[in-house]
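Throughout, read-outs are computed from the coordinates displayed, never taken from laboratory work. Just so it is clear, the model here is predicted, and its values are computed rather than measured. We place every Cβ from the backbone using ideal geometry, glycine too, and count neighbours over all the protein chains shown.
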């Protein structure tokens, strides 16, 4: 539960200290002899943004899936095993269909949060960290192109509403 209560900015700074030029990852690779000089490959690029966002949003994705898996009655799994189903068949015919709503909820939850994120690409991605949230932010905060920024925000809102409506049909 600790990742859920940590401050968002603290998580970003933690990832910067891990991925940075003199960070933990470079230090480990240097000490293992894998690289000879610290690499700038791990910070200020799109990969660093995606990795940081994955670390930050992972608890928000795991929680709905865990709750969906926890609600599956053990008797259904036992019944499938008693009827001769192999573990793979039990997963595909019992566990996966019953946990699908939790997986869809997790995907939507993380997607909605990640689409509006502009701080992570700014702090970890540098000039290469580009996300939709940062595009909206740059139109309002840097280019002062408010009509285009509003159009981007409305497009984002409509896309999210459409995806939520589509998910509610499943």
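For the chain, the convex hull drawn through the C-alpha positions has a volume of 154 cubic angstrom per residue. Could you tell me the distance between the Cα centroids of the range 132-170 and the range 62-82, to the nearest Å? So the separation of the two Cα centres works out to 37 Å.
Put a dot 7 Å past the Cα of residue 70, heading toward its Cβ, do the same for residue 86, and the two dots end up 3.2 nm apart. Structure remark: mean-square fluctuation, Gaussian network model of the chain, C-alpha springs under 10 Å; the largest value among 55, 112, 154 belongs to 154. Across the chain, C-alpha contacts under 8 Å between residues 6 or more apart give a mean separation that, scaled by the residue count, equals a relative contact order of 22 percent.
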